[in-house]
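A short worksheet on the structure shown next.
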Amino acid sequence: MSNQIKIVIDGQEIITERGKTIVEVARENNIFIPTLCFFEGAEKKANCRICTIKINNRMMTSCTTPVVDGMEIENNTPELNDIRKSIIELLFVSGNHFCPACEKSGNCELQALAYRYQMMVPRFPYWFPKKQIDASNKKIIKEQNRCIACKRCIKTIFDEKGRRYFAFKNRGQKLEVVLDQVMGKTMSDEIAKKAMENCPVGSILYRETGFEVPIGERKYENEPIGSNLKG
Amino acid sequence: MPENNQISEILKKFNNDRSRLMDILLEIQEKQNFVNEEDIKFLSEKLGVSGGEINETLSFYHFFSDKELGKYNIYLNDSITANMKGRTEVKKAFEEACATPIGNVSEDKQFGLFSTSCIGMNDQEPAAIINNKIFTQLTPYRVRQLVKGMRDGKPIEDLMYENFGDGNNADPDVKAMVFNNIRRKSIILKNDYEPYTFLKGKIRDYSPEQVIKVIEDSNLRGRGGAGFPTGLKWRFGSRTDGAHRVIICNADEGEPGTFKDRVLLTQYPEMVFEGMVIAAFATGADIGLLYLRYEYKYLLKFLNRKLKEMQEQNLLGNNISGIRDFNFSIRIQLGAGAYVCGEESALIESLEGKRGEPRDKPPFPVEKGYLGYPTIINNVETLATAVKIMHHGANWYANFGTKDSLGTKLLSISGDCKLPGIYEVEWGISIKEVLEMCGAEDAQAIQVGGPSGMLIGMKDFDNLDKTTLMRWYKPSGMMVAERFFDRRLSYSDLPTGGSIIIFNNQRDLLGDVVLNFMDFFIEESCGSCSTCRNLPVLMKMKLEKILAGNGVKKDIEDLLSWGKTLKASRCGLGQTAGNPILSSIFNFRHLYERHVQSLKEFDNGFDLEKAVEPYMDFVHRKPMFHHF
């Protein structure tokens, strides 16, 4: 059986292979679908919902849905783009993302997406619920006001025995991503730096060094998110 | 790490199996009343996972605690019906008698007093769970008596009345003051079936394929609410390869207002289990699990006894009923308090000892479910119904109900009516007849299908909104208002999982009902999706703003448009979490418009006139501001 299949994204026919997800196929073909919780190589769990697309008028997440022969996908439509923008706004008001004071500014995917979707004033009220900052660890600071609960640290930061450093705690509005207190004590610099790097926002901050790359010379300042893809 | 003998024993019992973490935590909680930081460290060491991961499960479920609880722990139901039946006074009586505000443990550590989501006793509210025993129809007087008894150190069993509820509620292994309130019987509830008749006899004449065929021919659809064709589900499940195949009975009914599964499990457990065995035969499954919500823990001992009896009769175990190589067993898994676990993939996560977070689909459980095996999940009522269909045949079943919705449905009716309880009705019954049947007069609205259902009202139904809205808000049920009382319960008109709550004209639909439903969704969200974690809170805040008289017209439009984003959530809970507000705008828009400031199109967020009122009063002047 041939592995080759054909799918359609916004009217564009694409020949690809079975087994890949929609996001992967889109990227290979120069098509932009926004993602936040997606992390290459990590377990797939669509938490942020920003990669929502439509198949047969049904909303699905492109980071978890495998391509199927003949699949027709709506992606870059006013309706979906508005839902994506509203999710970005939702993440801004349900946390407290004060970019000018954030070490991650310019490397932050949430900030970069906010620019791309031209967020001016969020449609939601300024909620900014107050959350605790966990500064008890020697290597990192966990700034809960910036956490978007994307799970990327949970899915990618392990010790040599495969145990997770980070985990969810509680549920619903009280949901938090927390660092395991015991494992945190022996966390290496390498792991701490990786945790900061894998965080799409500025919620995990490596202590002691900061602003090594000055503002103005950072990733998305030079190349706005998705600008390498046609759109 | 110091050895902890008690926990070591428990771990040994479950073979140090990480996937049995729910049972491990339940036992620890049962023995010592909480699971503390040291216990978590110990478990983490023994199970080879981080403490954070243990706590992930522990902190997710409502009935687990990492802090010491009271000697007596009172969980007072907070469903809308409880509130309509006098919960406020009962709560006050508890707070006074226990000397603690709700949500806390009293200073003397005697009492833990907590609110809890619907416990499935809507026909006998106000109700509470105290140390795993159910107390129904509470009054402030009864509360004071109960607390006095507890203060005197009496065991909780001694505080229950001598005369227990009807039927099996009085069984020595149940001993509950719960009433079945079965008010109408039809083909499922009629006592014309000797338990296990099909399993002991006719099943031997069938091939698995033939059983699936009968269920398909009967057009039986899932009775949990979603209405997926049962035969098709069995067929899918039987086709996927796997080292094992799993049948799960979903007894996690958490939709506020539903209590039919409670009654089925109390009075007809044999039929439910027989349905599971038939499903196993049809699909070639060898593992059986019944996920029982923690609120129904009082039935656990009784149900386990029934399973043991089945084993003794060779209706479970190996070569069941003499059919060679037909091996199947059933284990009951207790939940720990989470509505979302009624969603089938969240239920599987919970069965594997994790937090009840729904999975992304595909893959579906029939492809990859419990521990990766093909898994078929059916509702309690669906399985019981399947037994009767197999016994009488698909043609017999086609005599009942309507063309598109064959058979009967159990309704859990509560709220403003004279005769709350369980009614088995044929599909196609009109709302008007339902109201007459249960003695409801002066009904303003009916919630069909629980809060995640829809609130159908009169006014704007025919307006332009309809087509655009219906596209977004696919109802799993609805709140029906008077103009629609001729509509009928069926999959093509008003589908329902069976929860029917009636509100009379004295009820404040927005201020009491809708706000209560929103609180429910906020409390029960798993929090995984950014949308369902945050939007219901913002929507509730906006409704409160409107109810406080500070809303403008645009606020109503905002709510409708925010609801679209909520539809991008992963599971049914998230997608329908805005339904209380959305469907009440849809159907009772006049109630919203009554509250918003009709002259103002724009919300400047600040009422200058009101702010300077005290000053103006003081200086005896009248405000003179221009209105923009």
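The count of lysine pairs in the range B:127-222 with alpha-carbon distances below 23 Å, taking only pairs 8 or more places apart or on different chains, stands at 9. Expressed in units of 2.2 N^0.38 Å, where N is the residue count, the Cα radius of gyration of the range B:61-218 is 1.39.
Annotation: for a label point projected 7 angstrom from Cα along Cα→Cβ of B:N399, residues of the range B:148-187 with backbone N closer than 12 Å are B:187. The value for chain A of Rg(Cα) / (2.2 N^0.38 Å) is 1.07.
Remark: the B:K109-B:D607 segment gains 174.6 nm on full extension, using 0.36 nm per residue and subtracting the alpha carbon distance.
Look at the stretch B:558-564: the mean tally of other chain Cβ atoms within 10 Å of its residues' Cβ atoms is 2. Could you tell me what % of all Cα pairs in the protein assembly as shown have separations over 54 Å? More than 54 Å apart: 12 percent of the Cα pairs in the protein assembly as shown. Restricted to Cα atoms, chain B shows a radius of gyration and a Dmax of 25.5, 96 angstrom. Charge tally around B:P580: other residues with Cβ under 11 Å, Lys/Arg +1 each, Asp/Glu -1 each, net 0. The lysines whose alpha-carbon is closer than 16 Å to the alpha-carbon of A:K139, local same-chain residues fewer than 8 away aside, are A:K185, A:K193, A:K194. For the range B:72-160, relative contact order (Cα pairs under 8 Å, six or more residues apart, normalised by length) works out to 36 percent. Within the range B:1-76, the trypsin sites (Lys or Arg not before Pro) that combine a DSSP coil assignment with at most 10 other C-beta atoms in a 10 angstrom radius are B:K67. Here the simple spin-label model places points 7 Å from the Cα toward Cβ, and for A:N198 and A:N76 these points are separated by 3.2 nm. For the pair B:N319 and B:R239, a Förster radius of 22 Å applied to the C-beta separation gives a FRET efficiency near 0.35, rounded to the nearest 0.05. Using a/c under 1.5 as the rounded threshold, could you call the range B:5-58 rounded, prolate or oblate? The axes a ≥ b ≥ c are square roots of the C-alpha gyration tensor eigenvalues, and prolate needs a/b larger than b/c, oblate otherwise. Taking the square roots of the gyration eigenvalues as a ≥ b ≥ c, the range B:5-58 is rounded. For the set B:K41/B:K361; A:K6/A:K151; A:K45/B:K354, the pairs lying more than 25 angstrom apart at their alpha carbons are B:K41/B:K361; A:K6/A:K151. Using the eigenvalues of the Cα gyration tensor, what equivalent ellipsoid semi-axes result for the range B:184-397 when each is taken as the square root of five times the eigenvalue, whole Å, largest first? The answer is 23, 20, 17 Å, longest axis first.
Extension gain, B:E216 to B:R483, is 92.5 nm, computed as 0.36 nm per intervening residue step minus the present C-alpha separation. Computing FRET efficiency as 1/(1 + (r/R0)^6) for A:W127 and B:R594, where r is the C-beta to C-beta distance and R0 is 25 Å, gives about 0.40.
Residue ranges B:587-594, A:54-61 sort as B:587-594, A:54-61 when ordered by packing (mean number of other C-beta atoms within 10 Å per residue, highest first).
Within 10 Å of the Cβ of each residue in B:513-523, the mean number of Cβ atoms contributed by other protein chains is 1.
Report, as an integer, the average count of C-beta atoms from other chains found within 10 Å of each Cβ along B:43-51. Mean partner-chain Cβ count within 10 Å for B:43-51: 4.
Alpha-carbon geometry of the range A:86-208: the Rg and the Dmax are 14.5, 46 Å, given in that order. Counting only DSSP beta bridges whose two residues both lie in chain B, roughly 45 percent are antiparallel.
Would you work out which of A:G172, A:L91, A:Y126 lies farthest towards the positive end of the dipole of the range A:86-208? Charges go on Cβ: Lys and Arg +1, Asp and Glu -1. Farthest along the dipole direction, towards plus: A:G172. Per-residue extension of 0.36 nm, minus the Cα-Cα distance of B:S186 and B:S207, leaves a gain of 4.7 nm for this segment. Starting at 0 and stepping by 10 Å, how many percent of the alpha carbon pairs of the range B:139-242 end up in each bin? Spelled out per bin, shortest first, that is 11, 22, 25, 18, 14, 10, 0. Charged neighbours of B:M616, selected by a Cβ distance under 15 Å, balance to -1 (K, R count +1; D, E count -1).
For the range A:4-76, what is the Kirkwood estimate of the hydrodynamic radius, computed as the reciprocal of the mean inverse distance between distinct Cα atoms, to one decimal in Å? Evaluated on the range A:4-76, it is 12.1 Å.
Scanning chain A for GluC sites (Glu not before Pro) lying in DSSP loops with no more than 11 further Cβ atoms inside 10 Å, the longest uninterrupted stretch between such sites is A:44-159.
The label point for A:L229 and the one for B:E309, both projected 7 Å from the Cα toward the Cβ, are 6.0 nm apart. Among the trypsin sites (Lys or Arg not before Pro) in the range B:187-275, those placed in a DSSP loop whose Cβ has at most 14 other Cβ atoms within 10 Å are B:K190. Structural descriptor for chain B: relative contact order 13 percent, calculated from alpha carbon pairs under 8 angstrom and at least 6 residues apart. For the range B:72-160, the Kirkwood radius over C-alpha pairs fed into Stokes-Einstein at 25 °C and 0.890 mPa s yields D = 195 µm² per second. Label sites at B:E68 and B:K622, each approximated as a point 7 angstrom past Cα along Cα to Cβ, lie 6.6 nm apart.
No lab work stands behind these numbers, since they all come straight from the coordinates. Worth saying up front: this structure is predicted, and the values here are computed from it rather than measured. In this analysis, Cβ positions are derived from the backbone assuming ideal geometry, glycine residues included, and neighbour counts consider all displayed protein chains.
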